[in-house]
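**Q** Pasting a structure below so you can have a look.
Bear in mind that the values in this text are calculations on the coordinates, not laboratory data. No experiment lies behind these values; they were computed from the predicted model shown. Here Cβ is always computed from backbone atoms with ideal geometry, including for glycine, and neighbour counts include all displayed protein chains.
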Amino acid sequence: MDEEYDKAWSGRFDRLADRFTDEFGASLPVDRRMWEEDIRGSIAHARMLAQTGVISGEDAARIEEGLSAIYRDIRDGSFEFSNADEDIHMAIERALVDRVGPAGGRLHTARSRNDQVALDTRMYVKRTALELAAGANGLRTALLAVADAHPGAIMPGYTHLQRAQPVLFAHHLLAYTWMLARDVRRLRFAHDSADSMPLGSAALAGTPFPIDRGLVAERLGFGSVAENSMDAVSDRDFLVDLTYACTVAMVHLSRLCEELVLWSSQEFAFVVMDDAWATGSSIMPQKKNPDFAELVRGKTGRVVGDLTALLVMLKGLPLAYNKDMQEDKPAVFDAVDTLADSFVAVAGMVGTMRVDEGRMRAAVRGGFMAATDLADHLVGQGVPFRDAHEVIGRIVLACEADGRALEDVSLDELRGFSPEFGEDVLAVISADAAVSRRSSRGGSSPDAVSDQFGVARGRLEADREWVASRSPE
Ligand code: ARG
């Protein structure tokens, strides 16, 4: 507790804070990433103040000139951030006053940091939701390309991680594109929930100055103006929505990464990770580890924690602004950064992995996966399903006892278990035939999957257009 600084509120205080409380209360190291939003918001505010006659045109021009110079300095890395500033709002305002003098001191008219931070974070969420949606779309593109490159690959489909029925590898990969399509929908929802302009709410109750909030909203590209000043300065739903969207997307990536870890193990060996996306061991020379898939899986836990931190921080806060809310940004930024990087990592791994179609087929062969089809065949011959299930169960047991696959059993042997097996039963046992028969809409047959490709590509195109239409030119 040694040094004292000059504060924006020094008028009301006899004694000012010391270095520890300054640092404890500061958010500058975290919120400085919103510098661009802060400057754009301030320029829109200053212009509006001049248009409504609250400040003079000359002052607004000086403010805008100063802010533009600060913008260039921060962009070029020559801006000197000072620990004396609590947050990005104070840092930029202080620099402005240093640069343009008393005109700079007029910028904060009819405004508070409470509506200012609400504005900046909303602008940040709108921009970030678009960037993350573009990341999700990139991964969808990579998954579609890999699926497209292996149209005939058949792998075991699993339930309980036990081989269940053969499916097209493309069908399995496409399942993830639908998760990502829903992730984009959630990001879009977060974007829209941030699309309400809070500035002009001032500290909490509005302002006596004759401001025009619609002008600011229009200039900054907001769809609407927040209708209640107290809600506007204390609403953080849009951060919860964004972080929730990030969390669900991470859970999806984590599930995909778990499959990559399994598939690249020697037990499965369905894929081989590219050298660029794997690591070696410092002690075991034979190892090639899917580190990055594991990391994405691991980081998912932290993002779930970010969402929890945010919700618990908000729970129980009275209206309106409370300093607790400053703790929103570390959680949100962490979730956003982690998801953005994870999209890149997973797209990189998926796009470069080598797919071993032969290993997938071998796993199908040993997996008794024609069992359901054999039962269905007996049903077609008039056998009740429960009896058919029993017969096939006994065949599987017998095969297991002497280490054979279903494909190795002859028609005569089958008829020994049930005289009802027809001549055409052997065709039923083939994995290709089993896959082709699953031709219901959304099923795994080549025709159904090719239809699905069409719909998935159309959805991706529509989502790309949404990102492009909302992104600033
Ligand atoms: N740094 C604060 C935050 O991130 C913004 C300032 C809020 N206003 C105040 N009176 N402390 O929430």
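**Q** Asp337 to Ser224: extension gain in nm, 0.36 nm per residue of separation minus the Cα-Cα distance? It would help to have the intermediate numbers written out before the result.
**A** Values: separation 113, 0.36 × 113 = 40.68 nm, distance 2.79 nm.
Answer, rounded to one decimal: 37.9 nm.
**Q** Cα axis of helix 371-380 to longest principal axis of the chain: angle in degrees, 0 to 90, nearest 10?
**A** It works out to around 60 degrees.
**Q** Enumerate the lysines that Lys299 could reach by cross-link, defined here as Cα to Cα under 20 Å, with residues fewer than 8 away along the same chain left out.
**A** Result set, ordered by chain and number: Lys329.
**Q** Let me ask something additional. Could you give the alpha-carbon Rg of the chain over 2.2 N^0.38 Å, rounded to two decimals?
**A** On the way: Rg = 30.4 Å, N = 473, 2.2 N^0.38 = 22.8 Å.
Relative to the 2.2 N^0.38 Å estimate, the chain comes out at 1.33.
**Q** Give the order of Cys246, Cys399 when sorted by the count of other beta carbons within 10 angstrom, beginning with the fewest.
**A** Cys399, Cys246
**Q** Shifting gears a bit: Multiplying the sequence separation of Gln266 and Ser56 by 0.36 nm and subtracting their Cα-Cα distance, what value in nm do you get? Please report the intermediate quantities before stating the final value.
**A** On the way: separation 210, 0.36 × 210 = 75.60 nm, distance 7.32 nm.
Separation in residues times 0.36 nm, less the Cα-Cα distance, equals 68.3 nm.
**Q** Rounded to the nearest 0.05, what FRET efficiency is calculated for Thr372 and Lys315 with R0 set to 56 Å and r the Cβ-Cβ distance? Before the final figure, lay out the partial values.
**A** Working: r = 48 Å, r/R0 = 0.86.
The pair Thr372/Lys315 has a calculated efficiency of 0.70.
**Q** To continue, here is another question. Between Thr159 and Arg15, what is the label-to-label distance in nm when each label sits 7 Å out along the Cα-to-Cβ direction?
**A** Calculated label separation equals 7.1 nm.
**Q** Test of understanding: ordering Asp424, Asp31 by Cβ neighbours within 10 Å, fewest first, what list do you get? Write out the running numbers ahead of the final one.
**A** Numbers: Asp424 10, Asp31 25.
In order of increasing Cβ crowding within 10 Å: Asp424, Asp31.
**Q** What is the distance, in nm, between label points placed 7 Å from the Cα along the Cα-to-Cβ direction at Arg255 and at Asn83?
**A** Spacing of the two 7 Å Cα→Cβ label points: 4.7 nm.
**Q** Using Stokes-Einstein with the Kirkwood hydrodynamic radius over Cα pairs, what translational diffusion coefficient do you get for the range 236-381 at 25 °C and a viscosity of 0.890 mPa s, in µm²/s rounded to a whole number? Mind showing how you got there, number by number?
**A** Working: Rh = 18.3 Å.
For these conditions, the coefficient is 134 µm²/s.
**Q** Once label points are set 7 Å from the Cα along Cα→Cβ at both Arg415 and Arg182, what is their separation, rounded to one decimal in nm?
**A** Output for this residue pair reads 4.9 nm.
**Q** Neighbouring Cβ atoms within 10 Å as the yardstick, rank Val167, Val379 fewest first.
**A** Working: Val167 26, Val379 16.
Listing Val167, Val379 from fewest to most nearby Cβ atoms yields Val379, Val167.
**Q** In degrees between 0 and 90, to the nearest 10, how far off the longest principal axis of the chain does helix 88-100 point, with axes built from Cα atoms?
**A** 40
**Q** Determine ³J(HN,Hα), in whole Hz, for all residues of the range 102-113 in sequence, where each value follows from phi through the Karplus function 6.51 cos²θ - 1.76 cosθ + 1.60 and θ = phi - 60°; x replaces Gly and Pro.
**A** Per residue, the Karplus-derived 3J(HN,Hα) values read x, 4, x, x, 8, 4, 7, 4, 6, 8, 9, 5 Hz.
**Q** Next question. Return the long-range amide H neighbours of Val167 (sequence gap of 5 or more, or a different chain), with a cut-off of under 5 Å between placed amide H atoms.
**A** Met155, Gly157
**Q** Counting only other residues whose beta carbon sits under 10 Å from that of Ser418, what net charge do I get with K and R as +1, D and E as -1?
**A** Working: positive: Arg394, Arg415; negative: Asp387, Glu390, Glu420.
Net charge in that neighbourhood comes out at -1.
**Q** What's the angle, to the nearest 10 degrees (0 to 90), between helix 169-193's Cα axis and the longest principal axis of the chain?
**A** Between helix and principal axis, roughly 20 degrees.
**Q** Using 0.36 nm times the number of residues separating Ser450 and Glu65, minus their current alpha carbon distance, what extension gain do you get? Walk me through the intermediate numbers first.
**A** Values: separation 385, 0.36 × 385 = 138.60 nm, distance 5.69 nm.
Roughly 132.9 nm would be gained on extension.
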